[in-house]
Amino acid sequence: MPTKTYQISLDVEMAPSSFGWRDIQAFLMAKVGKRGKYKWAKVKVVQDPNVGRFTIPDKTSPPLRIEVLPASVDNMLHFGLYEIWSGKWKGGLKIHQANVTEVTSILA
């Protein structure tokens, strides 16, 4: 059984009262299993509530992809959006949907 690769993204929106997201660096992170090693991607979070729904990571950022080995005993996927390093309070981010999509590659 081959290794499977998954791509992770979030469909989000900012509430009119959102705060704390401007000029910060957020990270979309994922790992497989409790003891897995995190993979991460720097992502942009647009604080403007007039933008409407948008996807993290956006099309200008590289996608977050993670591989799941078929022989893994613990193959539970753990992922999230993180920004704790700035020390700023944040609010108003609405997460509408988390997307985990299997990536299929076409070998030539």
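Tabulated data
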read-out	value
Qualifying residues in region 64-99 (those that are acidic (Asp, Glu) and closer than 22 Å to Thr5 by Cα) - the one surrounded by the fewest Cβ atoms within 10 Å (Cβ to Cβ)	Asp74
Members of region 27-56 that are aliphatic (A, V, I, L, M), farther than 23 Å from Met76 by Cβ and not in a loop (DSSP other than H, G, I, E, B)	Val51
Top-ranked residue in region 1-26 [being in a strand (DSSP E or B) and hydrophobic (A, V, I, L, M, F, W, C); ranked as surrounded by the fewest Cβ atoms within 10 Å (Cβ to Cβ)]	Ala15
Boolean, Lys94 is touching a residue at least 24 places away in the same chain (Cβ under 8 Å) and either under 16 Å from Leu10 (Cβ atoms) or touching a Leu at 6+ places or on another chain (Cβ under 9 Å) (or both)	yes
Filtered residue count, region 57-70, keeping only those that are assigned to a loop (DSSP other than H, G, I, E, B) and free of Cβ contacts under 8 Å to residues at least 60 places away in the same chain	7
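Every read-out reported here was derived from the displayed coordinates using simple, explicitly stated rules and does not represent laboratory data. Here the structure is a predicted model, which means the values were calculated and not measured. Every residue, glycine as well, gets a Cβ built from its backbone with ideal geometry; the counts of neighbours run over all protein chains shown.
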